[in-house]
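Data block below; observations after.
The values are calculated or read from the model by the stated rules, or taken from the named source; none is laboratory data. What you see is a predicted model; the values in this text were computed from it and never measured. Every residue, glycine among them, receives a Cβ derived from its backbone with ideal geometry; neighbour counts consider all protein chains shown. Heads up: the accessible areas ignore ligands, DNA and RNA and are worked out on the full protein's heavy atoms, side chains in. Shrake-Rupley method; radii C 1.70, N 1.55, O 1.52, S 1.80 Å.
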Amino acid sequence: GCVLVVSVIEQLAQWHNSTVKAAMERLCNYIPGKYQIIGHMLCCIDREMNADVVCHSLKLCKQDPGQPLCHLYPPPKREKHSPGLFYALAHAGQKRQIKSFMGFSSLCAFPLLANLCEKIKYVIRNKLPFEDFDGDKFSTFPTLRGYHWRGRDCNDKNTTVYPGRRPDNWDVKSDSNCNGIWGVDPKDGLPYEEKFCKGADSQGVVLLGDSAGAHFHIPPEWMTVTQMSAKSFANLPMAFTDELDWPQFSEITGFLNSTIGGWTDSLYLRLRRRNRCNHRDLQNISQNDTENIFSINIAVYLSFSLARNQLLDNPAIVIYATIGNDVCNGNRDTLAHMTTPKEMLSNVVQALRYLDSCLPKGSHVILTGLVDGRFLWDNLHDRYHPLGQLNRDVTYSQLYSFLDCLQVSPCSGWLTPNETLRNLTSERALQLSNVLKEIARSEKFTNFDIFYMDFPLRQTAEEWRKMGGEPWQLIEPVDGFHPSQIAAALGTSITWQKALREWPQVLGKENPFNDQIEAIFKDQGGH
């Protein structure tokens, strides 16, 4: 984090031909409110030092005994100087840099951010909204696992009112399921919910996923100085309190128009268009996870995160899509930390058994295979990262090596120049996909049927090429790992077409009253 921030400051100074102090002030003016502490902690940067040296001098970066020196940029080289120049510069910097923050182990130790960090830790641990006054697992607040992640609650003081439930007495007096349809038609005396939604196969969509499902994204304009302005950081508070995820634009549960490039097309939006009674019935239970904790303990997470009542709620389509977690980690011996086929079988069957105990009858589960991540290195390794575009000095290959050295790589097995390791990682991913395929073929459950589909990366890339795009545009530019907004939208289209061809019963029938529902909403000003 320090290296990224210092790199931006030094490039701002270069781009605007200013002092580092002026660049620092410029960045602080860009960043909203309390988040300015991120910048103020780095107020004494020396332009002669590269970002790696600065961060070591501040002791925000360190080299553990017996471990290699991790650096994004090449170590400083001067004629007749020894290899110890890096350390000499860092030591010189320490004498004149800030000492007051040296005891802080992380950003969360700063008083201004400590309270917010506690809230974020709570929602990461529980996968539940921080602000949920009635305890029904739905919220009227957008972030901190609120309605960006789950359908918006329409009464946060009543635990029996929430998205996805079957209507209470056809919602004659109030909207018990938050789909906006309630009351009685004065023309014929029939409740609107009964008239428009009875027998309409209403169902919700639930995603059990990893950081790709949560739609992890760091805006490239945060570190591309040629595009940077105050407007670039307007979304920082929202992004921070959503864990740098953008589920509101995601492939499965997205419902807002994308503001991060591309366009939003999601399974939820298509189900809603097919049946307007499905409004707000969505849950995104995904986790940014480099240690595979979510996949291993998915049944446990489901037990306190999933909001579905077998007796009171509508059926749901559940998408199980941990497309990389089981083979991706940041460990040096990455192969030893990958999920084995035996573990995969146990973890997934345990989760499915729990789902069978809580999903209403008539639900569906779709298991998604793992991605072939060799696509990442093949299409990005020799391209310049946003941090390296100004001076053409940081490629994705350098970034991957830096993160791998720090043991925080999102996927050491695929983000590596070692072709053998990349192939072995894909081989394990295929083995685990085959486990999921066999589960879908052989396992039977009482309350849902189960299907398998390969992750549609190849079809997505082909579709994007037909549209005139390049493969690298399907990858998030800052982390060089996750699917981009374009990839998410195209993936939705491919998944939907497959479902229409092969499992039409999963999608439910088209509601013939959709136009009437929308016309009434329009007449009543959207209420």
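Remarks
- For segment 205-295, the list of GluC sites (Glu not before Pro) that fall in a loop by DSSP and count at most 15 other C-beta atoms within 10 angstrom reads Glu291.
- Among (1) 26.5; (2) 29.2; (3) 24.1, the entry that matches mean projected area of the Cα convex hull in nm² as calculated here: (1)
- Accessible solvent surface per residue of segment 203-506, calculated while the other protein chains remain in place, 1.4 angstrom probe, Å²: 38
- Hull shadow area, averaged, segment 144-274 [alpha-carbon convex hull, nm²]: 10.4
- Among the listed pairs Lys119/Lys522; Lys119/Lys437; Lys127/Lys173; Lys62/Lys121; Lys119/Lys509; Lys342/Lys509, those beyond 30 Å (Cα-Cα): Lys119/Lys522; Lys119/Lys437; Lys127/Lys173; Lys119/Lys509; Lys342/Lys509
- Rounded to the nearest 500, the helix-only mean residue ellipticity at 222 nm of the chain stands at -11000 deg cm²/dmol, with each DSSP H run of n ≥ 4 adding -39,500 (n - 2.57).
- Under 16 Å of direct C-alpha separation, and excluding same-chain neighbours fewer than eight residues apart, Lys195 reaches these aspartates and glutamates: Asp168, Asp171, Asp175, Asp185, Glu510, Asp515, Glu518.
- Segment 346-502: C-alpha pair distances exceeding 25 Å, %: 43
- Here the calculated FRET efficiency for Ser346 and Met467, from their Cβ-Cβ distance with R0 = 41 Å, stands at 0.50, rounded to the nearest 0.05.
- A protection proxy built from the mean count of other Cβ atoms within 10 Å ranks the segments 309-318, 274-283, 121-130, most packed first, as 274-283, 309-318, 121-130.
- The loop-placed chymotrypsin sites (Phe, Trp or Tyr not before Pro) in segment 197-287, going by DSSP, that have at most 13 neighbouring Cβ atoms within 10 Å of their Cβ come out as Trp263.
- With each label modelled as a point 7 angstrom along the Cα→C-beta vector, the Arg353-Leu256 pair spans 4.0 nm.
- Computed over segment 203-506, the ratio Rg/Rh where both radii use C-alpha atoms and Rh is Kirkwood: 0.96
- The chain, relative contact order in percent, only Cα pairs under 8 angstrom and at least six apart counted: 14
- Size of electric dipole in the chain: Cβ of Lys, Arg +1 and of Asp, Glu -1, about Cα centre, debye, nearest 20: 700
- Evaluated at q = 0.14, 0.25 Å⁻¹: base-10 log I(q)/I(0), Debye formula over Cα of segment 292-338: -0.50, -0.98
- Annotation: aspartates and glutamates with alpha-carbon distance below 14 angstrom to Lys498 (same-chain offsets under eight excluded): Asp454.
- Extension gain (nm, one decimal) between Asn434 and Gln14, 0.36 nm per residue minus Cα-Cα: 146.0 nm
- The loop-placed trypsin sites (Lys or Arg not before Pro) in segment 422-506, going by DSSP, that have at most 10 neighbouring Cβ atoms within 10 Å of their Cβ come out as Lys444.
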